[in-house]
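One structure is given below, encoded as structure tokens.
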Amino acid sequence: MVSDVHGNTEALARAGDGADALICLGDLVLFLDYADHSRGIFPDLFGEENASRIVALRTARRYDEARAFGRELWAGRDRNTEILGAVRKQYAELFAAFPTPTYATYGNVDVPRLWPEYARPGTTVLDGERVEIGGRVFGFVGGGLRTPMNTPYEISDEEYAAKVEALGPVDVLCSHIPPEVPELTYDTVARRFERGSTALLDAIRTTRPRYALFGHVHQPLVRRMRIGTTECVNVGHFASTGTPWALTW
């Protein structure tokens, strides 16, 4: 089980070793590494100095200034073409690294419409859908909720809740973002609350899955806690750790 791969293709190729299946909870793309400003699509296009400036503005929550700075950098350039070209290059390498079988859903920085071009036989993409793995029912909910960051796959609370509701009761609830619980949504390094889902929290309380698994928050205040009988686990910032989380039964 991995999440927040953010371009770590080398570790991804080994992540399924010894497992019956690999589950990936999204954020394959690396647009900008907040720990290493030399890595990602943004510094490849605009350089490390500009990447450091945009990180500083976003970290200070000066989002309007960050957007204005971004517009200056993109002036006279074809933003969509350049970004999609870079994303396609990363997807070609990342999807080739997935073992068989892999079950995956989208993160908030992913571009869902491109996935069918790269998902090979043996990789099953699910979003608002269920699948049986090893005799257990897994439900998958991809993407994130809307934020000032305006990442590629952010949707409304209503659309997200509809996907959660469509799953019904499952044994393992898999999502990119966490349920809306302060301990699970607070990033101790970024020093801010990321967006969690109240719909996920409601589903956990009412349907009581055995596990609720997610990523998105890279350095959470709490990585693991119980909500009723459900074990909630942040399966980790795979880009930095390179270590999958193992679910066994």
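The values are calculated or read from the model by the stated rules, or taken from the named source; none is laboratory data. Note that the coordinates shown come from a computational prediction; the quantities given were computed from them, not determined experimentally. Cβ: placed from backbone, ideal geometry, glycine included. Neighbour counts: every protein chain shown. All accessible areas refer to the heavy atoms of the entire protein, side chains included, with ligands and DNA or RNA removed. Shrake-Rupley method; radii C 1.70, N 1.55, O 1.52, S 1.80 Å.
General observations
- Net charge of neighbours whose Cβ lies under 15 Å from the Cβ of SER3, counting Lys and Arg as +1 and Asp and Glu as -1: -4
- The label point for LEU45 and the one for THR198, both projected 7 Å from the Cα toward the Cβ, are 3.5 nm apart.
- Annotation: amide H of GLU129 within the under-5 Å range of PHE140, sequence separation 5 or more or interchain, hydrogens built in the peptide plane.
- For VAL137, the amide hydrogen comes within under 5 Å of the amide hydrogens of ASP171, VAL172, counting only partners 5 or more places away or on other chains and with H modelled in the peptide plane.
- Per-residue 3J(HN,Hα) values for the range 170-187, derived from phi via the Karplus relation 6.51 cos²θ - 1.76 cosθ + 1.60 with θ = phi - 60°, read 9, 7, 10, 9, 10, 9, 6, 8, x, x, 6, 10, x, 5, 8, 9, 7, 9 Hz in sequence order (x marks Gly and Pro).
- Over the chain: helical MRE at 222 nm, DSSP H runs n ≥ 4 each giving -39500 (n - 2.57), nearest 500: -9500 deg cm²/dmol
- Sequence-distant residues sharing a close amide H with SER197 (under 5 Å, placed H): GLU180
- Spin-label model distance (nm) - ARG62 vs ASP157, 7 Å beyond Cα toward Cβ: 3.0
- Extension gain from ARG146 to ARG208, taking 0.36 nm per residue of separation minus the Cα-Cα distance: 19.7 nm
- What the chain shows is 47 Å² of accessible area per residue, with the surface traced by a 1.4 Å probe over protein heavy atoms.
- Whole-percent carbon and sulfur share, accessible surface of the chain, 1.4 Å: 48
- Residues listed by number, the range 28-54, amide nitrogen under 18 Å from PHE69 label point at 7 Å toward C-beta: 31-54
- Cβ-placed point charges (K, R +1; D, E -1), dipole of the chain about Cα centre in debye, nearest 20: 300
- This model, with +1 at the C-beta of Lys and Arg and -1 at the C-beta of Asp and Glu, gives the range 96-202 a dipole about its Cα centre of some 320 debye.
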